[in-house]
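To start, I am sharing the structure in question, which I have written as structure tokens.
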There are 2 protein chains.
Amino acid sequence: MTTEFDKPIKEPPIDPWGSILIEDYQRMIESFGLEPFDVGAFPKPNRLMRRGAVFAGRDLKQIAEAVKLKKKFYVLSGIMPSAEKVHFGTKMVVEQVSYFQQHGGKAYVLVADLEAAATRGISLEEAQERAMNFHIPAYIALGLDAKKTTFYFQSENKEVMRHAYEFAKKITLNEFRSIYGHADPSRIISALTQAGDILYPQLKEKMPGIIPVGVDQDPHIRLARDIVHRTRSTHKFWLPSSIYHKFTPALNGEFKMSKSKPESMIELPEDMASVRKKIMKALSGGRGSLEEHRKLGGEPEKDMVFELLKQHLVEDDAELKDIYDEYKSGKMATGELKQLGVDKMEAFMSDFSKKLEKARKIAGKLNFVKF
Amino acid sequence: MTTEFDKPIKEPPIDPWGSILIEDYQRMIESFGLEPFDVGAFPKPNRLMRRGAVFAGRDLKQIAEAVKLKKKFYVLSGIMPSAEKVHFGTKMVVEQVSYFQQHGGKAYVLVADLEAAATRGISLEEAQERAMNFHIPAYIALGLDAKKTTFYFQSENKEVMRHAYEFAKKITLNEFRSIYGHADPSRIISALTQAGDILYPQLKEKMPGIIPVGVDQDPHIRLARDIVHRTRSTHKFWLPSSIYHKFTPALNGEFKMSKSKPESMIELPEDMASVRKKIMKALSGGRGSLEEHRKLGGEPEKDMVFELLKQHLVEDDAELKDIYDEYKSGKMATGELKQLGVDKMEAFMSDFSKKLEKARKIAGKLNFVKF
């Protein structure tokens, strides 16, 4: 039986809990044996797909086919309710989930209350309350169709726990280490639960499924896929597919926004006075002087505000192209681009806050799985 | 902070899932840092305590004091509902639980349905059904006061799972390995859940507790005790006490009855024709011929039928003394001792079956914790 483990790993494994800088997405595709994302394979690609933020996947063909032939498939994501806010990475995940939901996927969103409770020392009730009051409304505000989504709390899903126990028997410590780069009891129990989550929608009905993730989450996908191979004789699960988006770069140009550096990131929601300050300080692709800028033109590729517009704030491709051209030609000054960023961000935050308010009212009436 | 790990382990760790032969209980006391059991410390000691089947413990003083001063304490045990039958080891555990229950301990019995489902590939429902139809009635038939016992299913106890997650963060893989002798994902998730079970009664109210176990289960006790040290700042748990009984020797004289050798063990219940055959073939302390036996006397210490009478089938000390003396002197022949064993076993099995029938009727009405 061929398993994921038969493929030699060229690079040290990525640590989904850590914050390793990953500088070369192309190298990751090669090292982890991912498929480059083919934007032509999916109908009406969303902004993230069109702009290259979505860059790779695993077994995407079975999902593209399910979309095309209107066959059953699922899309799944998890909420970690320990965080007080969400961030632009969360926004990407939700946009991807929404895309597949709109294209026929049955959406599952689980609340990782067990993990949150263990990590933050809060009670399960508190974790669940946070999810209900903020995270789920935020997902809805970011585009999730809540009425068509199945939600559950990890701690209440006996079937997930039961399968985490079963899957534990199928994997050795060394295999775990080869996937995650290290192994400790906490990560093991957590990863096995996540494998249970990833395969949960298939317990009742076997079907392909897609998990949109940042590439740092790939080990979870690999573990789940390997468990599918190992449980072939009892479960006959479809291998879960995955689709990877790049990180939103930090405002100072570093690889990834990081919670440990608040000045590098913008949270959702965040006070506009604070956002404005951060945008004004962000790494710019503008030149040293206005004169030089007019002459040489700006460098949108190196500009973090342009990056934000591209990844998150400008939906229309033609509009983005205009901004790019004007900045690149030097016609648009750095200050103007930053102001545009502030304006767009303000409109986005205002819209998000309104939607969040509305979503809070409906979060209590959702389709939670009862166990 | 002093932890269990600070004490050097002189012997390789015992594997509670394996079947290592442990030949010298005295050596175990020394190697594992156990306290020898002091029969004088507990009021009205039961048969197992009086006959030396109970031989060691950890932190028994806090339990003896709770018994004496009528302070709150708990006694806890688990049911593994994958097995079709129980055996004499189970009988010992239940008798110990009953002893502490009768002496003021609040009894908790959990059903390890998650583990059973993972081990045997049965559904949680099936595991729970087996527990309700057989294991819990068997515990009641063996002396548990069901009305005064709190039962729960592991899979339904969110608090146990939540704490298993929390405890996972307090223990490294190396520490786990030093306790269990090895570490793999399945054992880790299972052991952490058991630590959650052992400490569960203290989540609502801190109190001493005692876990009666065979010595092969000591690693679970050590893990739970170590977690108590590590979570001192948040939980202030009492260190769980433990009390150890010897194994019932195999009928052929080997150290321990073993399921892999059906001829070495008697199950509960078991057909009397089969039991009779096994007893007749059991290792005897009788002499080569009746003449020699009359002259030299039997060796009850080496006789497995006498061992069964002593550990399980003769409650009255004076009666046992008479049997010992008659056999030792040669007055009682080997065949007579075996027949006595068969008769006593028949009475026991008949009584057990009747009690089991009755207990089945009340098992559905028990005090299960609802989550």
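Can you tell me which lysines have their Cα less than 26 Å from the Cα of B:Lys295? Leave out same-chain residues fewer than eight positions away.
Partners found: B:Lys281, B:Lys310, B:Lys321, B:Lys328, B:Lys331, B:Lys338.
For the pair B:Gln339 and A:His182, how long in nm is the line joining their label points, each one 7 Å along Cα→Cβ?
Inter-label distance under the simple model: 7.1 nm.
Could you calculate the FRET efficiency of B:Glu357 with B:Arg120 from 1/(1 + (r/R0)^6), where r is the beta carbon distance between them and R0 is 22 Å, rounded to 0.05?
That pair, B:Glu357 with B:Arg120, gives E of 0.30.
Could you compute the FRET efficiency for B:Glu301 and B:Asp271, with r as their C-beta to C-beta distance and R0 at 35 Å, rounded to 0.05?
0.75
Which far-off residues, 5 or more places away or on another chain, put their amide H under 5 Å from the one on B:Val86, with H placed in the peptide plane?
Here B:Leu268 satisfy the definition.
Something else about it: Starting at the first residue of segment B:79-85, write each ³J(HN,Hα) from the Karplus equation 6.51 cos²θ - 1.76 cosθ + 1.60 with θ = phi - 60°, in whole Hz, x for Gly and Pro.
10, 9, x, 6, 5, 7, 10
Just the ratio, please: alpha-carbon radius of gyration of the protein assembly as shown over 2.2 N^0.38 Å, N its number of residues.
Dividing the Cα Rg of the protein assembly as shown by 2.2 N^0.38 Å gives 1.19.
Mind pulling the angle between the C-alpha long axis of helix A:88-102 and the longest principal axis of chain A? Nearest 10 degrees, somewhere in 0 to 90.
Helix A:88-102 sits at roughly 60 degrees to that axis.
Additional query: What list of ³J(HN,Hα) couplings, whole Hz, do you get for segment A:280-294 from phi and the Karplus terms 6.51, -1.76, 1.60, once you set θ to phi - 60° and write x for glycine and proline?
Listing the rounded values in order: 5, 8, 5, 4, 10, x, x, 8, x, 10, 4, 4, 4, 4, 4 Hz.
Right, something else. Under the classification rounded if a/c is under 1.5, otherwise prolate if a/b is larger than b/c and oblate if not, where does segment A:21-247 fall, given a ≥ b ≥ c as square roots of the Cα gyration tensor eigenvalues?
Rounded, because the longest to shortest axis ratio a/c is under 1.5.
Taking the Cα centre of chain B as origin, work out the dipole magnitude from +1 charges on Lys and Arg Cβ and -1 charges on Asp and Glu Cβ, in debye rounded to 20.
Computed about the Cα centre, the dipole is about 1120 debye.
Give me the net charge for the shell around B:Gly104: Cβ to Cβ below 9 angstrom, other residues only, Lys and Arg +1, Asp and Glu -1.
+4
Is the C-alpha gyration tensor of segment A:95-215 telling us rounded, prolate or oblate? Criteria: a/c under 1.5 is rounded; beyond that, a/b larger than b/c is prolate, otherwise oblate.
oblate
Could you list which residues have their amide H under 5 Å from that of B:Gly209, counting only those 5 or more apart in sequence or on another chain, with H placed in the peptide plane?
Sorted by chain and number, the residues that satisfy this are B:Tyr74, B:Ser241.
Let me ask something additional. Are there any GluC sites (Glu not before Pro) in segment B:146-228 that are in a DSSP loop and have at most 16 other Cβ atoms within 10 Å? List them by number.
On the way: sites: B:Glu156, B:Glu159, B:Glu166, B:Glu175, B:Glu205; in loops: B:Glu205.
Sites meeting the loop and neighbour criteria: B:Glu205.
Below 13 angstrom from the Cβ of A:Met304, what's the summed charge of the other residues (Lys, Arg +1; Asp, Glu -1)?
For residues surrounding A:Met304, the net value is 0.
Calculate, for A:Thr172 and B:Lys370, the FRET efficiency according to 1/(1 + (r/R0)^6) with r their C-beta to C-beta distance and R0 51 Å; round to the nearest 0.05.
Once the sixth-power term is evaluated, E becomes 0.85.
To the nearest 20 debye, what charge dipole does segment A:174-249 have about its Cα centre, counting +1 at the Cβ of each Lys and Arg and -1 at the Cβ of each Asp and Glu?
So the dipole magnitude of segment A:174-249 works out to roughly 260 debye.
Can you list, shortest first in nanometers, how far B:Asp24 lies from the same residue in the other copies, with each label 7 Å from Cα toward Cβ?
Copy-to-copy label distances for B:Asp24: 6.1 nm.
For A:Gly52, go 7 angstrom from Cα along the Cα-to-Cβ vector, then report the distances to that same point in the other copies in nm, smallest first.
Listed shortest first, these distances are 8.2 nm.
For A:Met332, list long-range residues whose amide hydrogen, built 1.01 Å from N in the peptide plane, is under 5 Å from its own amide hydrogen.
The list, which skips near neighbours in sequence, is A:Tyr327.
Next up: Within a 10 angstrom radius of the beta carbon, how do A:Phe151, B:Phe306 rank from fewest other beta carbons to most?
Lowest count first: A:Phe151, B:Phe306.
On a 0 to 90° scale, report how tilted helix A:334-363 is relative to the longest principal axis of chain A, with both axes built from alpha carbons and the result rounded to the nearest 10.
Helix A:334-363 and the main axis of chain A meet at about 40 degrees.
Report, in deg cm²/dmol and to the nearest 500, the calculated mean residue ellipticity at 222 nm for the protein assembly as shown, where each DSSP H run with n ≥ 4 adds -39500 (n - 2.57) and the sum is divided by the residue count. Don't jump to the answer; show the numbers that get you there.
Working: 34 runs with 346 residues, N = 742.
Roughly -14000 deg cm²/dmol at 222 nm, from the helical runs in the protein assembly as shown.
For label points placed 7 Å from Cα toward Cβ, what is the shortest-first list of nm distances from B:Gly253 to its copies?
Once sorted, the set of distances for B:Gly253 reads 8.4 nm.
Pop out the ³J(HN,Hα) list for segment B:310-319 in order, Karplus 6.51 cos²θ - 1.76 cosθ + 1.60 with θ = phi - 60°, rounded to Hz; leave Gly and Pro as x.
Rounded to whole hertz, the list is 5, 6, 10, 10, 10, 7, 7, 5, 5, 4.
Shape of segment A:164-258 from its Cα gyration tensor (a ≥ b ≥ c, root eigenvalues): rounded if a/c is under 1.5, otherwise prolate when a/b > b/c, or oblate?
Oblate, since a/c reaches 1.5 and b/c is not below a/b.
Right, next: Could you work out how far apart the two model spin labels at A:Lys236 and B:Arg27 are, taking each label as a point 7 Å from the Cα in the direction of the beta carbon, and quote it in nm?
Rounded to a tenth, the inter-label distance reads 5.2 nm.
Still on this structure, please answer the following. Where Lys and Arg each count +1 and Asp and Glu each count -1, what net charge lies around A:Pro240 among other residues with Cβ under 9 Å from its Cβ?
+1
Quick note: the coordinates plus some simple rules give every number you see, no bench work behind them. A quick note: this is a predicted structure, and the numbers were derived from the prediction, not measured. Methodologically, a virtual Cβ is constructed for each residue, glycine included, from the backbone with ideal geometry; neighbour enumeration extends over all protein chains shown.
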